[in-house]
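Worksheet: one structure, shown below.
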Amino acid sequence: MHYSDYDKALYYTLWGQWDDLLILMVRTEDQFLSKKIEVFLHAFHYHSTEKEVLESHENLLSYIDHAMVSTAPVMMV
């Protein structure tokens, strides 16, 4: 998994670039990220209830945040 995938996912999610998010979903090696993107795009595209869309959006952002913290490069002093 590349740290840049999380950066891209965050950027695409925040700016509503769903086509790019879909491409990232297919190309990423992180299966959890791929599934979170899939659930969000499905809820958004098929007009689920607003609560479901917001919940899947929040779950995606939470996972991205967690993954970025977990895979952050260690800085040597």
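The values are calculated or read from the model by the stated rules, or taken from the named source; none is laboratory data. Owing to the predicted nature of the structure, the values given are computational and were not obtained by experimental measurement. Quick reminder, even Gly has a Cβ in these numbers, built from the backbone with ideal geometry, and neighbours come from all protein chains shown.
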Identify, please: which residue in segment 9-31 is under 9 Å from the mean Cα position of the chain (by Cα) and under 16 Å from residue 66 (Cβ atoms) and is, among those, surrounded by the most Cβ atoms within 10 Å (Cβ to Cβ)?
9
Quick one: residue 39 ticks every box in (1) in contact with a helix residue (DSSP H, G or I) (Cβ under 8 Å, 6 or more places away or on another chain); (2) at pLDDT below 95 bar one, so which box is it?
(2)
Over segment 25-64, the set of residues among the charged types (D, E, K, R), within 14 Å of residue 5 (Cβ to Cβ) and assigned to a helix (DSSP H, G or I) is 27, 35, 36
Filtering segment 54-77 down to residues that are closer than 18 Å to residue 30 by Cα and modelled with pLDDT under 90 yields 68, 69, 70, 71, 72, 73
